[in-house]
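Working notes, structure below.
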Amino acid sequence: MSNTCTCAGIAFVFVSQSLLAGSPAELIGIGRLSGMTSDLSGQTTVLENGEPHDRFGGISALEYTGQGGRYVAVSDRGPDDGATGYLCRFHLLNVHVDADAKPPVSISVIGSTMLSNSDGLPFSGMSKAY
């Protein structure tokens, strides 16, 4: 199992709202989640590639919910672009930005929801499954 799985992490870069007022952008901070972060899916198995099934990462889409610092992150195929039996899910993230804090941006996974069809069968990111 690799401890250098940095591509599984996620980073946010925040600029001040002065950009909206026509002023030059100002970097407030960069928020990061480690590539070793676990999600909250409850998965306890290990994938074919040796990675834990609850590893956060492979994010393909990120959307602001419009509520506070909440974002939805979707990982579709999981690690290795569909080469493993990863069960699909989405995550709820909390992103806290405080320009006066050290660090100014913090990110936490606050929820993970497994995806399934109407029969309750999980969606798989494995490319051979289709």
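The numbers here are math on the coordinates, done by the rules we state, and not lab data. Remember, predicted model here, so these are calculated numbers, not experimental data. Cβ: placed from backbone, ideal geometry, glycine included. Neighbour counts: every protein chain shown.
Here are some notes:
- Checking each residue in the range 60-79 for being touching a residue at least 60 places away in the same chain (Cβ under 8 Å) and basic (K, R) picks out no residue at all.
- Exactly one residue among S112, S106 is in contact with a Lys or Arg (Cβ under 8 Å, 6 or more places away or on another chain), part of a strand (DSSP E or B) and either in contact (Cβ under 8 Å) with a residue 60 or more places away in the chain or buried (at least 19 other Cβ atoms within 10 Å of the Cβ) (or both), and that residue is S112.
- Filtering the range 60-103 to residues that are surrounded by fewer than 15 Cβ atoms within 10 Å (Cβ to Cβ) and aromatic (F, W, Y) leaves only Y64.
- Lone qualifier among S34, S38, S60, S75 - being within 11 Å of the chain's Cα centre (by Cα), among the small types (G, A, S) and under 14 Å from S124 (Cα atoms): S75
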